[in-house]
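Have a look at the structure below before the remarks.
What follows draws every value from the coordinates through simple rules; no lab data is involved. Quick caveat, the model's predicted, so the values are computed rather than measured. Using ideal geometry, Cβ is built from the backbone for each residue, glycine included, and neighbour counts are taken over all protein chains shown.
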Amino acid sequence: MTTSLTRTGLDTPTGLFIGGAWRASNSGKTFDVLDPATGEVIATVEDGDVADARAAMAAAASAQDSWAQTAPRERSVILRRAFELIIERTEELASIITAEMGKPLADARGEVAYGAEFFRWFSEEAVRISGDHTLTGDGKNRIIVTRAPVGPCILVTPWNFPLAMGTRKIGPALAAGCTVVFKPAEQTPLTALALADILVEAGVPDGVVNVVPTTNAAEVVGSWMASGSARKISFTGSTEVGKILLAQAAPTVMRTSMELGGNAPFIVAEDADVDRAVDGAMVAKMRNMGEACTAANRFFVHRSVADEFADRLAARMGSLKVGAGDGDGVEVGPLIDGEGRAKVQRLVDDALLRGARAVVGGTEAPGPGYFYPPTVLDGVDPASDLMSTEIFGPVAAVIPFDTEDEVIALANDTEWGLVGYVFTQDIDRALRMGERLEVGMVGLNTGLVSNPAAPFGGVKQSGLGREGGKVGIDEFLEYKYFAVPRS
Ligand code: ADP
């Protein structure tokens, strides 16, 4: 069950992957995957339904015990092999990511390296799961603490990093000894299916990883949530859907990890190195065309440098080459779909109506494809809609500020709290401001925080739990305590 992708000519799987086998959907239905650079169909994928979801959950549940019993080194070796296979297939995977998601090939290669790294990191963590052994205060009992896998996990991912969002969840789940049912985003199922292929080759036993692409996310994931077999959900996506899943987790008291939306402040103090701040802004804004929950959404720049910063950022952003992701030298690909682009335009129009100045960009590009030009808006009114909405596009909104207290209050005036960026040459001020920001991650004089070795996650409505780092595997483990009398 494979197809050759138009444009790339690559063979990719298009079936459901359940219990170690490729299958057609029970519903007999399929759905189209589109190239956002052209709006054309590039592949047709099996559309999983509730019966398929149940089969996947049953496969994960029946594989759980034997997978949990495997030696940590065995799980480690499989993940390490999968890491190596991903790296070997960088070009193939990058082409699939670009074809279905739109990001430029260079960025897609970057995602492959980043995504693979989660498997390497968690292959190393698999053999370092440790417990504790102490005595009760009176010395009469031993306390032996071990760690056990939570059990079958539901993994649900968005379209913006089709590979890395999957490996960031599958890596720690498998390392901990959990089996998974995985529903990738409907816009980008091909990368997830290619990943399943790689995991088979790496030696993952049947039923340990099951992948169900579907256009019926609510029904498929809903059936897993209600199954009684799943012990955990790890979700990355919108806060809106995260809240639905949190409610669905309540009846079975299921463990949850939630990576939800962001509204990152990017603060440039009056003493910042402006060159460095512009470099950081290019990464924090333009990585993935702004389609990242870590994307800088609000640029608070001290009034004394705001115009200079906006002009210099506009010069850099305006010179980027926009086009289809596989085009020569392209640095900015299309947005994911027409809806995403219309939202960006609506937010820009609102800011302009409220008196902002478009230093560069500001009007969507004509079709085909969902292109939006890199845009810098200066003098943005803090009452603008984009201050409280994730832009998810290549638009930098510059809001001037005067005092530190004022900018901290503005930065924290949001229901989200994923990441904040601070640019200043004063280390004391950098740490002070970072401490006052209500976020899970702070970039000090850098526009990039994501790294498999670091605990990624947010506070407030940006989510629950952390992915990556030393704590990433904890999300998939339970403590188990043995009380043992000393005689
Ligand atoms: P985005 O706006 O980035 O598409 P979503 O939260 O809508 O964010 O989607 C993230 C993931 O959640 C996707 O895999 C999507 O199919 C899935 N999803 C959407 N709605 C639901 C739902 N009601 N229940 C479970 N998963 C859902």
remark   = Place a point 7 Å from the Cα of GLU74 in the direction of its beta carbon; the residues of segment 192-206 whose amide N falls under 13 Å from it are 203-206
Ascending count of other beta-carbon atoms within 10 Å, so fewest first, for TYR370, TYR421 = TYR370, TYR421
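So how do 305-314, 70-79 stack up, highest first, on mean other-Cβ count within 10 Å? List each step's numbers first, then the result.
Working: 305-314: 20.0, 70-79: 18.1.
Packing proxy ranking, top to bottom: 305-314, 70-79.
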task = Set the Förster distance to 56 Å, then compute FRET efficiency between ASP271 and GLU201 from the Cβ-Cβ distance, nearest 0.05.
result = 0.60
key: Rg/Rg_ref, the chain, where Rg_ref = 2.2 N^0.38 Å and atoms are Cα   = 1.00
Burial order of peptide ranges 176-182, 239-245 (average beta-carbon count within 10 Å, highest first) = 176-182, 239-245
Positive-end residue, the chain charge dipole about Cα centroid, Cβ charges, pick of LEU260, ALA24, VAL208 = VAL208
key: Tally of Lys pairs whose C-alpha atoms are under 18 Å apart, taken over the chain, 8 or more apart or cross-chain   = 13
ask   = Given the rule -39500 (n - 2.57) for each run of at least 4 DSSP H residues, summed and divided by the residues of the chain, what is its mean residue ellipticity at 222 nm, to the nearest 500 deg cm²/dmol?
value = -12000 deg cm²/dmol
note = So for R0 = 51 Å, FRET eff. of ALA454-SER487 from the Cβ-Cβ r, to 0.05, ends up at 0.65
note = Under the 7 Å Cα-to-Cβ spin-label approximation, ALA250 and VAL471 lie apart by a distance in nanometres of 2.5
Calculated FRET efficiency for the pair GLU478/LYS140, C-beta based, R₀ 22 Å, to 0.05 = 0.25
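Once the piece of chain linking THR363 and ARG346 is laid out straight, how much longer is it, given 0.36 nm per residue of separation minus the C-alpha distance between them?
5.1 nm
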remark   = Among the DSSP H helices of the chain, those whose Cα atoms extend at least 30 Å along the helix axis and whose mean Kyte-Doolittle hydropathy is -1.0 or higher are 105-126
query = When the chain is fully extended, how far beyond the present Cα-Cα distance does ALA218 get from GLU40, taking 0.36 nm per residue of separation?
reply = 61.5 nm
task = Quote to one decimal, in nm, the extra length available between ALA148 and ALA113 on full extension: 0.36 nm per residue of separation minus the C-alpha distance between them.
result = 9.6 nm
task = Among DSSP beta bridges lying fully in segment 264-451, give the percent that are antiparallel, nearest 5.
result = 15
ask   = Distance in nm between label sites at MET1 and ALA409, each 7 Å beyond Cα in the beta-carbon direction?
value = 5.8
message = Suppose each label sits 7 Å from its Cα in the direction of the beta carbon; what would the ALA21-ASP426 distance come out to in nanometres?
response = 6.8
task = Provide the packing ranking of 138-150, 440-452, i.e. peptides ordered by the mean count of other C-beta atoms within 10 Å per residue, highest first.
result = 440-452, 138-150
